[in-house]
1. List the pairs whose first member sits in region 31-50 and is farther than 22 Å from A81 by Cα, whose second member is at pLDDT 85 or above and open to solvent by 90 Å² or more (accessible area, probe 1.4 Å), and whose Cβ atoms are under 7 Å apart, counting only residues at least 6 apart or on separate chains?
2. Going by the conditions given, is V49 at pLDDT 75 or above, open to solvent by less than 30 Å² (accessible area, probe 1.4 Å) and under 21 Å from S89 (Cβ atoms)?
3. Just to verify a result, which residue in region 115-159, among those that are more than 16 Å from the chain's Cα centre (by Cα) and hydroxyl-bearing (S, T, Y), is least open to solvent (accessible area, probe 1.4 Å)?
4. Restricting attention to region 106-114, does a residue exist that is among the aromatic types (F, W, Y) and open to solvent by 20 Å² or more (accessible area, probe 1.4 Å)?
5. Just checking, which of E206, E240 is acidic (D, E) and either buried (at least 18 other Cβ atoms within 10 Å of the Cβ) or over 20 Å from Q163 (Cα atoms) (or both)?
6. Specify the residue that is farthest from the chain's Cα centre (by Cα); the eligible residues are those in region 197-214 that are within 16 Å of G149 (Cα to Cα) and of a type in the set (A, V, I, L, M).
7. Could you check, for region 157-178, whether at least one of its residues is farther than 20 Å from D225 by Cα and in contact with a Cys (Cβ under 7 Å, 6 or more places away or on another chain)?
8. Considering only region 215-320, give the helices (runs of 4 or more DSSP H) lying wholly within it that have at least 2 residues that are among the hydroxyl-bearing types (S, T, Y), under 24 Å from A77 (Cα atoms) and free of Cβ contacts under 8 Å to residues at least 12 places away in the same chain.
Amino acid sequence: MREADITVADMGEFGLIAAIAALAPPGPAQVVGIGDDAAVLRAPDGRVVATMDMLVQDRHFRLDWSSAFDIGCKAAAQNLADIAAMGASPVALLVGFAAPGDLAASWAQELARGLVAECSRCGAQLAGGDVSSAEKITLAITALGDLAGRAPVTRAGARPGDQVAVAGQLGYSAAGFALLSAGLTEPSALVERHRRPRPPYQAGPEAAGLGATAMIDVSDGLLADLGHVAGSSGVRIEVESGPLADARLRAAAAALGGADWRRWALTGGEDHALAATFPPGIALPGHWTVIGAVARGEGVRVDGTEYAGPSGWNHFPEQG
């Protein structure tokens with residue numbers, strides 16, 4: 001049988017896990033890596049930050065738009081970004097992978113390469129997981145992180161007078177999705193960010209060190225996610241759209257006949273930028289952009305008014 005014809009069913013669970021293990025040798029945080037009943041990780045802080053997310057074929061990714069490597073990068077990124085949003089450094093990923101038995105084994109191995117590549121961006125390791133069968137490709141990812149002695153930065157600490165800032169790009173994934181939906185591939189930077197988000201992992205622990213009072217990963221849309229911060233903190237957040245202007249977003253909007261680039265920046269999800277609140281007067285590094293302030297009240301407003309329309313991604317839209 002040619003290598004290209006080997007499926008995940010041909011390799012079996014243990015053969016596939018062994019192949020993936022060869023791509024992800026144990027790192028410095030691991031005492032025991034992939035291949036045993038469980039991984040063993042060092043936890044020098046005494047606390048472990050943990051998060052979990054899922055991706056389902058045709059719901060969160062499309063095989064005709066993204067390669068297996070792209071999907072692996074994206075799956076890792078959206079979980080590792082949640083660790084950074086707590087002010088922690090990502091340490092390890094555990095991956096649940098289910099797929100049809102006739103899926104090419106090479107596709108699964110390329111997925112694993114994407115997972116490992118994205119982990120390498122932030123010093124994390126692929127530490128283990130499980131394999132099963134399913135009608136569609138499904139990924140369940142657990143990410144673990146280390147606070148290194150810092151207090152976690154939650155959604156609940158924003159205070160009136162704080163400044164609101166963002167690290168990373170906003171609207172790129174939504175713009176890339178719109179371009180791909182229209183059969184376009186330019187601006188290519190936006191299409192690539194839809195396929196492979198680039199979270200600013202180092203900005204999470206950095207924000208904690210700078211005294212961030214609240215922080216969140218922008219996964220469902222800036223306004224939706226800042227709404228979580230506002231609700232948890234019992235405050236109102238005032239956002240200014242001016243600092244969100246971006247030449248690439250404007251170019252994509254023009255390519256699509258005048259689409260609303262502000263909507264992408266304000267409500268587009270899957271960029272995995274970090275949004276945080278900081279005490280007034282703190283000078284922030286240049287890769288943080290101040291986009292507003294915290295006030296008394298509730299909810300999120302844009303340029304002084306309520307935003308018309310959905311604030312972000314809805315995982316369970318109303319059925320018509």
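1. V31/R42
2. Numbers: at pLDDT 75 or above: yes; open to solvent by less than 30 Å² (accessible area, probe 1.4 Å): yes; under 21 Å from S89 (Cβ atoms): yes.
Criteria met by V49.
3. Per the criteria, the residue is T138.
4. We begin by selecting, within region 106-114, every residue among the aromatic types (F, W, Y); these are 107.
Those left that are additionally open to solvent by 20 Å² or more (accessible area, probe 1.4 Å): 107.
Within region 106-114, one or more residues are among the aromatic types (F, W, Y) and open to solvent by 20 Å² or more (accessible area, probe 1.4 Å).
5. Values: E240 fails: either buried (at least 18 other Cβ atoms within 10 Å of the Cβ) or over 20 Å from Q163 (Cα atoms) (or both).
After ruling out the rest, the residue left standing is E206.
6. L210
7. No - not one qualifying residue is present in region 157-178.
8. Details: elements: 222-233, 247-255, 261-267.
In region 215-320, no matching helices (runs of 4 or more DSSP H) lie anywhere.
The values are calculated or read from the model by the stated rules, or taken from the named source; none is laboratory data. Predicted, not measured: the structure shown is a model, and the values here were computed from it. All Cβ positions, even for glycine, are placed from backbone atoms using ideal geometry, and neighbour counts span all protein chains on display. Accessible surface is based on the protein model in full, side chains and every heavy atom, while ligands, DNA and RNA are left aside. Shrake-Rupley method; radii C 1.70, N 1.55, O 1.52, S 1.80 Å.
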